[in-house]
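Here is the structure we will look at.
The values are calculated or read from the model by the stated rules, or taken from the named source; none is laboratory data. Everything numeric here is computed off the predicted structure, so don't read it as measured data. Because the Cβ atoms are built from the backbone with ideal geometry, glycine has one as well, and the counts that use them run over all protein chains shown. Heavy atoms of the whole protein, side chains included, go into the accessibility calculation; ligands, DNA and RNA do not. Shrake-Rupley method; radii C 1.70, N 1.55, O 1.52, S 1.80 Å.
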Amino acid sequence: MKRALTGAAIAALAMTASAAHATSATATAKAKILAPLTILNTSDLDFGTIVSGTAASTVAVSTAGAATCGSGLTCIGTTSAAGFSLGGTSGANVGISGPATVTLTAGSNSMTAALTYSVPNLMLTATGGSFTVGGTLNVGANQAAGNYSGTFNVTANYQ
């Protein structure tokens, strides 16, 4: 019986020893919620009025809206860069993306413009943020007359 009690005491000590070495830690679960992004087109990319020439050339509109009329072309009227305003969470970084080109058509005639973005990303402030898109329009030799237009989509994503 003495042996049985000694065995039980040793077993009890072994169980107590394991529990004495146990440890634990605490973790925190977190989440940051951002306000949904909003984007609004505030102005269109406008290359103005162009009188074509006998040779192909280009008309460039900077992201600030300033135009450069290529050789052999006559440029008339007001030009503007496309403008966009963003809303969302102040202090958040936003990436800007969109196509590299846009095609402008008038009936069966077309021209292509390479697009230029003022920024690839920006940090939103308390009043949001904004960016512009300029471009360089390829005007063909003796480009057919018409009111040319095309659309392009820009995307803003939290980074």
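For segment 121-146, taking the residues that are closer than 18 Å to Cys69 by Cα and polar (S, T, N, Q), the one that is surrounded by the most Cβ atoms within 10 Å (Cβ to Cβ) is identified as Gln143.
Annotation: Asn93 fulfils all but one of (1) open to solvent by less than 60 Å² (accessible area, probe 1.4 Å); (2) closer than 25 Å to Thr38 by Cβ; the unmet one is (1). Taken together, Thr42, Thr79, Thr63, Thr38 contain a single residue that is among the polar types (S, T, N, Q) and over 21 Å from the mean Cα position of the chain (by Cα), which is Thr79. Taking the stated definitions as given, is Val61 surrounded by fewer than 16 Cβ atoms within 10 Å (Cβ to Cβ), farther than 30 Å from Leu34 by Cα and among the β-branched types (Val, Ile, Thr)? Taking the combined requirement at face value, the residue does not satisfy it. Against the criterion of being over 14 Å from the mean Cα position of the chain (by Cα), surrounded by 14 or more Cβ atoms within 10 Å (Cβ to Cβ) and on the phi < 0 side of the Ramachandran plot, Leu73 qualifies.
Scan segment 39-46 and give yes if some residue there is modelled with pLDDT of 95 or more, over 17 Å from Ser149 (Cβ atoms) and in contact with a Cys (Cβ under 7 Å, 6 or more places away or on another chain), otherwise no. No, because not a single residue in segment 39-46 is modelled with pLDDT of 95 or more, over 17 Å from Ser149 (Cβ atoms) and in contact with a Cys (Cβ under 7 Å, 6 or more places away or on another chain). Among the residues that make up segment 68-83, is at least one of them of a type in the set (A, V, I, L, M, F, W, C) and free of Cβ contacts under 8 Å to residues at least 24 places away in the same chain? Scanning segment 68-83, I find at least one residue that is of a type in the set (A, V, I, L, M, F, W, C) and free of Cβ contacts under 8 Å to residues at least 24 places away in the same chain, so the answer is yes.
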